[in-house]
Amino acid sequence: METITLRLFRGDATGGKMVDYQVKTFPNMVVLDAVHQIQAEQDSSVACRWNCKAAKCGSCSAEIDGKPALMCKTQVHECAGSTITVTPIRTFPLIKDLVTDVSWNYRMAAKIPPLTPRADVAGKPFNMQQIDVDRVQEFRKCIECFLCQNVCHVLREHERTDAFFGPRQMVRIASLEMHPMDNLNRREQLRGEAGVGFCNITKCCTEVCPESIHITDNAIIPLKERVVDDYFDPVRKGLVAIGLIKKRKKAPLDSVPNDVTKIMR
Amino acid sequence: MDSYETFEYDVLVIGAGGAGLRAVIAAREAGCSVGVVCKSLLGKAHTVMAEGGVAAALGNMKSPDGMNEPDSWKVHLTDTFKGGAFLNNPRTVEIFAKEAPERVLELEQYGAVFDRTPEGLIAERPFGGHKYRRLNHVGDRTGLELIRTVQDKAVGVGMSVHMEITLTRLLKDGDRVVGAFGYRRDTGKFVVFRAKSIVLATGGWGRMYQFTSNSWEGTGDGLQMAYEAGAELLDMEMIQFHPTGMAWPPGMRGILVTEGVRGEGGILKNNKGERFMFNPDYTPPLYKGQFAETAEEGERWLEDKKNNRRPPELLPRDVVARAIYKEVEAGRGTEHKAVYLDVTHRGAEYIKRKLPSMYEQFHALGAVDITKEAMEVYPTVHYTMGGVWAEPEGCATSVPGLFAAGEVAAGLHGANRLGGNSLSDILVFGKRAGEGAAEFARTAKLGAIDPAQIQAEISVLMHPLELQEGESPYKIHQELQENMQRDCMIARNEQGLNSVLAKILELQTRAAKIKVNGDTAFNPGWHAARDVRFMLRTSEIIVRCALERKESRGAQWRLDYPALDPVWGKKNLIATQDGDKVKITERPLPDMPAELKAIVEEYK
Ligand SMILES: Cc1cc2nc3c(=O)[nH]c(=O)nc-3n(C[C@H](O)[C@H](O)[C@H](O)COP(=O)(O)OP(=O)(O)OC[C@H]3O[C@@H](n4cnc5c(N)ncnc54)[C@H](O)[C@@H]3O)c2cc1C
Ligand code: SF4
Ligand code: SF4
Ligand code: FES
């Protein structure tokens with residue numbers, strides 16, 4: 001049995017420091033096991049989030065040797081060297097040690113109008129082919145780990161949480177917009193408060209997604225194209241003007257009772 | 001007196017798993033203001049981990065002859081009784097089987113995207129104990145789809161979500177429950193919720209065992225809060241051991257391998273390479289003649305479900321778990337005291353498409369490629385059939401103002417739950433509990449909050465921080481787990497149960513002297529101090545009930561009473577608080593009405 005050093009960030013919003021802990025390893029040990037061992041044997045006050053320990057719930061996001069990842073999915077022996085550094089994700093306000101306040105993500109999600117089935121299928125079992133829902137299912141694999149939100153430079157460096165919902169919510173909007181039975185048009189929201197225009201397709205989000213969702217290629221780029229089609233396509237505009245095609249229905253943005261839903265930490 | 005924040009709602013829902021969130025939707029649609037409290041972040045509750053599917057008789061699947069499988073609520077009802085060894089509450093099962101299809105179809109309207117059949121309908125897969133293909137699924141991440149769907153819907157209808165708060169006591173005004181008290185996990189600050197009625201949807205309790213598929217949340221605090229408020233607990237000895245938990249590597253021990261692996265053709269083998277489930281001794285009389293008797297028939301069934309019987313790997317969970325236990329005890333296990341689960345013959349492409357998260361789980365976490373090698377599996381503590389007694393129509397408990405639904409509640413599953421029946425349980429009874437609580441709230445007023453009850457709980461919570469020295473909560477928890485694992489697992493006898501009971505009582509005394517370092521700000525040690533006291537009491541109740549039931553039925557397997565006893569088959573065990581003591585009484589199981597009897601006769 002080998003011993004390694006786990007170098008953990010310890011502290012809160014007022015400041016903190018890196019603290020070294022010696023951890024006994026076992027075969028296929030993951031970083032979360034190492035943190036648990038410290039809690040049980042050395043210092044029970046180390047704060048970290050986890051639930052499933054099977055990469056299914058998206059609770060244990062952190063930066064491991066500087067790389068955003070799930071602690072329960074990162075094996076200790078995969079990390080280079082005998083010292084592993086674990087720090088909290090950086091984009092969201094720190095609460096304590098490895099725990100950050102991610103409630104902003106839930107508040108943005110609450111602004112997105114939910115699935116609104118077409119009148120002809122509302123209340124009836126849907127008939128959809130697998131091939132027509134494959135793409136939507138890719139998006140629905142999201143476990144809300146917020147690692148993509150953590151790396152997106154619009155949120156991380158430029159701190160534009162006021163202007164851009166972030167890649168996770170783009171994935172969610174895409175899952176609704178591409179749902180075969182949905183009847184809403186969320187493009188005005190996308191262009192407006194959701195801020196799809198802020199994304200400049202660096203693909204950092206896609207690289208860290210533990211569910212391998214093609215966030216940029218499959219969700220964001222098609223959404224950008226739809227927004228462009230609707231707002232900046234002169235031919236289309238002309239056809240609408242002379243009444244040859246109909247203006248697309250707009251998303252009623254006030255359809256979500258956001259005054260009722262409150263997400264509290 | 002320490003200060004605390006107070007929130008007020010018509011209906012308070014404790015727990016944001018599938019049951020809690022479905023209750024939110026129902027109570028909100030009935031016009032109530034609703035607050036929901038959970039220990040984790042929204043969407044991370046246990047429900048997210050469910051894999052295989054949600055059981056409901058939609059009857060969407062076709063046999064090779066083009067005919068639909070003749071599934072119906074009546075067959076589902078019969079299967080549920082058989083799986084539960086007829087200890088289920090008849091009315092609860094009836095409501096469940098009838099309403100499950102509606103609840104699943106409704107999810108689709110809310111935005112769930114299930115896998116499709118070639119005809120474009122929701123795809124259903126076979127599962128242990130279900131006669132027809134009935135598990136509506138999304139690959140092997142059905143729980144994620146379900147919780148995200150009700151989460152988004154509940155956000156849509158409007159609720160107040162209080163994340164990362166642990167409630168530790170229900171507050172009473174006379175007989176009635178009028179509020180709940182607890183602490184914020186991040187700051188340790190105290191909170192009080194006042195409500196006209198409360199829905200308890202706090203899930204199950206597996207953490208008192210060493211090897212469990214449950215997350216840290218499964219400490220049974222909700223169960224204990226209800227017990228301390230005077231609620232009746234039903235059939236607490238009934239704990240499900242899922243036959244296939246991961247047995248290797250060590251850090252992964254206990255994590256679930258979905259039954260979907262067997263549903264998709266996975267086979268169980270011992271160290272001699274034998275498919276031991278074909279041993280006729282392992283098939284209980286109730287299922288004789290209903291399962292394939294040769295490996296060839298089992299293989300043919302994968303392609304033609306109509307003209308072949310399903311392989312015996314798909315017997316109910318209690319049966320398969322016992323068989324694995326016996327194989328390992330007889331020295332036919334692997335080097336890690338497990339058996340093999342092999343699905344390699346289905347081919348890499350099929351496995352990756354149908355079981356993607358299993359593939360990923362073993363690949364990323366265990367460095368095992370399940371398309372090329374067999375998994376090592378051993379039973380793991382998985383589900384709690386017992387719990388707070390809830391009446392079937394509106395899910396009222398025996399305490400006025402308190403309603404219960406989901407895994408914390410009891411009555412539906414009897415002595416053993418069929419796979420997939422929990423996800424439909426939480427939908428059917430989550431909705432009913434929300435409606436029941438809303439109905440109660442319509443005529444009730446907010447009750448009085450008694451500061452003495454709050455002060456008593458604050459004393460319990462703060463005690464471990466005030467001591468200079470004492471016991472570690474982790475150490476006590478670990479000793480509890482080792483003892484429960486050894487003496488209150490699959491195979492039980494009087495001697496083992498008595499010895500674990502003595503240990504629990506000793507640990508309870510020691511737990512009064514738990515000490516933790518640090519302060520109340522996000523301090524897992526401090527959280528564990530309260531959790532472990534709840535777990536000790538729950539364990540005591542489980543062991544006492546297991547001692548009391550002197551027969552083997554479903555999940556309760558007594559080596560010293562190996563047979564089903566028809567007299568016991570007519571009785572539930574009820575546990576209630578009697579001062580410091582656990583009071584256990586027998587209660588006759590309600591008779592099955594004649595029309596249900598006729599259905600069971602016809603479809604069994
Ligand atoms: C790995 C795994 C796979 C499974 N697969 C399937 C399957 O395929 N099909 C199936 O039907 N079933 C399956 N199950 C079972 C099923 O997932 C659960 O029984 C079901 O999800 C329970 O839902 P629930 O809403 O009752 O509780 P949970 O989802 O457990 O939610 C409990 C909620 O209560 C909150 N809570 C608890 N205590 C407190 C407290 N003190 N204060 C405040 N909040 C509290 C928690 O934070 C959480 O939000 C599986 C279970 C596991 C573990
Ligand atoms: S591709 Fe867009 S959303 Fe993704 S990280 Fe880059 S800027 Fe952010
Ligand atoms: S899209 Fe991927 S990275 Fe982003 S929250 Fe979802 S799972 Fe995590
Ligand atoms: S603990 Fe659930 S994703 Fe890591």
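The values are calculated or read from the model by the stated rules, or taken from the named source; none is laboratory data. On a predicted model such as this, the values are computed, not experimentally measured, just so you know. Virtual Cβ from ideal backbone geometry, glycine too; neighbours counted across all protein chains shown. Areas reflect the complete protein model, heavy atoms only, side chains present, ligands, DNA and RNA absent. Shrake-Rupley method; radii C 1.70, N 1.55, O 1.52, S 1.80 Å.
What about A:Thr202, is it within 16 Å of ligand 3 (Cβ to nearest atom), β-branched (Val, Ile, Thr) and crowded, with 17+ Cβ neighbours inside 10 Å? Walk me through how you get there before you give the answer.
Numbers: within 16 Å of ligand 3 (Cβ to nearest atom): yes; β-branched (Val, Ile, Thr): yes; crowded, with 17+ Cβ neighbours inside 10 Å: no.
In short, no.
To keep it simple, each residue is scored yes or no on (1) in a helix (DSSP H, G or I); (2) within 14 Å of chain A (Cβ to nearest Cβ); (3) at positive phi; (4) open to solvent by 20 Å² or more (accessible area, probe 1.4 Å).
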residue: B:Thr520; (1), (2), (3), (4): no, yes, no, yes
residue: B:Val532; (1), (2), (3), (4): yes, yes, no, no
residue: B:Ser539; (1), (2), (3), (4): yes, no, no, no
residue: B:Asn572; (1), (2), (3), (4): no, no, no, no
residue: B:Ile584; (1), (2), (3), (4): no, no, no, yes
residue: B:Met592; (1), (2), (3), (4): no, no, no, yes
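Every residue, every condition in (1) outside any loop (DSSP other than H, G, I, E, B); (2) more than 14 Å from every other protein chain (Cβ to nearest Cβ), yes or no:
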| site | (1), (2) |
| --- | --- |
| B:Val178 | yes, yes |
| B:Thr187 | no, no |
| B:Phe193 | yes, no |
| B:Ser197 | yes, yes |
| B:Gln210 | no, no |
| B:Asn214 | no, no |
| B:Gln224 | yes, yes |
| B:Gly230 | no, yes |
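Taken as a whole, the stretch A:70-85 holds at least one residue that is surrounded by 15 or more Cβ atoms within 10 Å (Cβ to Cβ), more than 16 Å from ligand 4 (Cβ to nearest atom) and over 24 Å from B:Phe362 (Cα atoms).
Yes or no: A:Gly16 away from chain B (no Cβ under 11 Å), over 21 Å from B:Ala367 (Cα atoms), open to solvent by 40 Å² or more (accessible area, probe 1.4 Å) and under 25 Å from the mean Cα position of the chain (by Cα)? Answer is no for this residue. Looking across the stretch B:246-263, just one residue is within 11 Å of chain A (Cβ to nearest Cβ) and among the basic types (Lys, Arg), and that is B:Arg253. Of everything in the stretch B:486-499, what is touching a Ser or Thr at 6+ places or on another chain (Cβ under 9 Å) and either closer than 17 Å to B:Trp205 by Cβ or among the acidic types (Asp, Glu) (or both)? Give them in sequence order. If the condition is that a residue be touching a Ser or Thr at 6+ places or on another chain (Cβ under 9 Å) and either closer than 17 Å to B:Trp205 by Cβ or among the acidic types (Asp, Glu) (or both), then B:Asp487, B:Cys488 are the ones that fit. One residue stands out among those in the stretch A:130-148 that are over 30 Å from A:Thr161 (Cα atoms) and within 7 Å of another protein chain (Cβ to nearest Cβ): the one that is least open to solvent (accessible area, probe 1.4 Å), which is A:Val133.
Of all residues in the stretch A:100-111, those that are of a type in the set (Val, Ile, Thr) and either more than 10 Å from chain B (Cβ to nearest Cβ) or surrounded by fewer than 21 Cβ atoms within 10 Å (Cβ to Cβ) (or both) total 1.
So is B:Glu479 at pLDDT 95 or above, in contact with a Cys (Cβ under 9 Å, 6 or more places away or on another chain) and not small (Gly, Ala, Ser) or not?
Judged against the criteria, B:Glu479 is not a match.
Pairs meeting the criteria (first residue in the stretch B:477-504 and among the β-branched types (Val, Ile, Thr), second residue open to solvent by 60 Å² or more (accessible area, probe 1.4 Å), beta carbons under 8 Å, at least 6 apart or on different chains) are B:Val500/B:Arg486. Within the stretch B:436-467, the set of residues being among the small types (Gly, Ala, Ser) and in contact with a Phe, Trp or Tyr (Cβ under 7 Å, 6 or more places away or on another chain) comprises B:Gly436, B:Ala437. Where strands (runs of 3 or more DSSP E) fall wholly inside the stretch B:335-394, the ranges with 2 or more residues that are more than 20 Å from the chain's Cα centre (by Cα) are B:339-342, B:375-384. Restricting the first member to the stretch A:166-180 and to residues that are touching a residue at least 60 places away in the same chain (Cβ under 8 Å), and the second to residues that are within 16 Å of ligand 1 (Cβ to nearest atom), the beta-carbon pairs closer than 7 Å and six or more apart or on different chains are A:Arg168/A:Glu144.
Does B:Ile95 satisfy the criteria of being out of contact with any Ser or Thr (no Cβ under 9 Å at 6 or more places or on another chain), within 23 Å of B:Gln151 (Cα to Cα), more than 7 Å from chain A (Cβ to nearest Cβ) and open to solvent by less than 20 Å² (accessible area, probe 1.4 Å)?
No; evaluated as a whole, the condition is false for this residue.
Checked against (1) aromatic (Phe, Trp, Tyr); (2) within 14 Å of chain A (Cβ to nearest Cβ); (3) farther than 30 Å from A:Leu115 by Cα, B:Phe114 passes all but condition (3). A count restricted to the stretch B:190-214 and to residues that are modelled with pLDDT of 95 or more, open to solvent by 10 Å² or more (accessible area, probe 1.4 Å) and over 14 Å from the mean Cα position of the chain (by Cα) stands at 3. So which residues in the stretch B:347-371 are open to solvent by 40 Å² or more (accessible area, probe 1.4 Å) and at the interface with chain A (Cβ under 9 Å from one of its Cβ atoms), if there are any at all? Once the filter is applied, which keeps residues that are open to solvent by 40 Å² or more (accessible area, probe 1.4 Å) and at the interface with chain A (Cβ under 9 Å from one of its Cβ atoms), the stretch B:347-371 yields B:Pro356, B:Glu360, B:Ala367.
Any residue at all in the stretch A:119-129 that is within 19 Å of the chain's Cα centre (by Cα) and either open to solvent by 30 Å² or more (accessible area, probe 1.4 Å) or away from ligand 1 (no atom under 16 Å from the Cβ) (or both)?
No: zero hits.
Given the criteria within 19 Å of B:Gly496 (Cβ to Cβ) and either part of a helix (DSSP H, G or I) or in the same structural domain as B:Met489 (by TED's automatic domain parsing) (or both), does B:Val600 qualify? Spelling it out, it is not the case that B:Val600 is within 19 Å of B:Gly496 (Cβ to Cβ) and either part of a helix (DSSP H, G or I) or in the same structural domain as B:Met489 (by TED's automatic domain parsing) (or both). How many of the residues in the stretch A:165-190 are away from ligand 3 (no atom under 13 Å from the Cβ) and within 20 Å of A:His153 (Cβ to Cβ)? Summing the residues that are away from ligand 3 (no atom under 13 Å from the Cβ) and within 20 Å of A:His153 (Cβ to Cβ) in the stretch A:165-190 gives 1. I need the full set of residues from the stretch B:34-89 which are more than 14 Å from chain A (Cβ to nearest Cβ), acidic (Asp, Glu) and under 19 Å from the mean Cα position of the chain (by Cα), in order please. Scanning the stretch B:34-89 gives a single hit, B:Asp79. In the stretch B:242-257, the residue that is modelled with the lowest pLDDT out of those that are more than 16 Å from ligand 4 (Cβ to nearest atom) and open to solvent by less than 10 Å² (accessible area, probe 1.4 Å) is B:Pro249. Which residue is farthest from the chain's Cα centre (by Cα), if the candidates are limited to the stretch B:260-284 and must be farther than 23 Å from B:Lys372 by Cβ and part of a loop (DSSP other than H, G, I, E, B)? Filtering first and then ranking leaves B:Asn279.
Only one entry in A:His179, A:His153 is at pLDDT 95 or above and surrounded by fewer than 23 Cβ atoms within 10 Å (Cβ to Cβ), namely A:His153. Among the residues of the stretch B:147-174, those that are open to solvent by 10 Å² or more (accessible area, probe 1.4 Å) and under 17 Å from A:Pro117 (Cα atoms) comprise B:Asp152, B:Lys153, B:Gly156, B:Val157. A:Val23 meets the conditions (1) outside the structural domain of A:Val208 (by TED's automatic domain parsing); (2) of a type outside the set (Gly, Ala, Ser); (3) away from ligand 3 (no atom under 16 Å from the Cβ); (4) touching a Lys or Arg at 6+ places or on another chain (Cβ under 9 Å) in every case but one. The failed one is (4).
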